[in-house]
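K.L.:
Following this message is one structure expressed as structure tokens.
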């Protein structure tokens, strides 16, 4: 069974551990089977790419995946990292909310 995470694609997150600590960005990809996320502009690595019929080769810079435990959702009110909770609204829908400010998280 696939694991459930409290962050998803499009969320604004902050890196809380590692050499990229303190950087913010949006999640572009969630790799559920490996518990990793790819964040735009964070954890850039250089890869040597072999030339192909489609394009030229060379040294390509791209984002590498970070473990999901090393990122934290950004509070929409304060802009700092926050834990995520879930609550059921009166209309029966389940929403995520920031534990620090209590504000609901869109998406």
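Read the figures in this text as sums done on the coordinates, not as results from a lab. Please read these numbers as outputs of a predicted model, since none were measured by experiment. No Cβ is skipped: glycine too gets one built from the backbone with ideal geometry, and neighbour counts run over all protein chains shown.
K.L.:
Among 28, 82, which comes first, then next, by fewest other beta-carbon atoms within 10 Å?
P.N.:
Details: 28 14, 82 22.
With the sparsest Cβ surroundings first, the list reads 28, 82.
K.L.:
Now, a different point. For the residues 5, 97, 86, what sequence is obtained by ranking on other C-beta atoms within 10 Å, fewest first?
P.N.:
Working: 5 14, 97 17, 86 9.
The order, fewest Cβ neighbours first, is 86, 5, 97.
K.L.:
Right, here's the next one. Pick from 91, 75, 11: which is most flexible by mean-square fluctuation in a GNM of the chain where alpha carbon atoms under 10 Å apart are linked?
P.N.:
91
K.L.:
Per q in 0.28, 0.29 Å⁻¹, report the Debye log10 I(q)/I(0) for the range 12-76, using one uniform scatterer on each alpha carbon and no solvent.
P.N.:
Each listed q maps to, in turn, -1.17, -1.22.
K.L.:
Hey, fewest Cβ within 10 Å first, where do 67, 48 land in order?
P.N.:
Numbers: 67 13, 48 8.
Starting with the residue having the fewest Cβ neighbours, the order is 48, 67.
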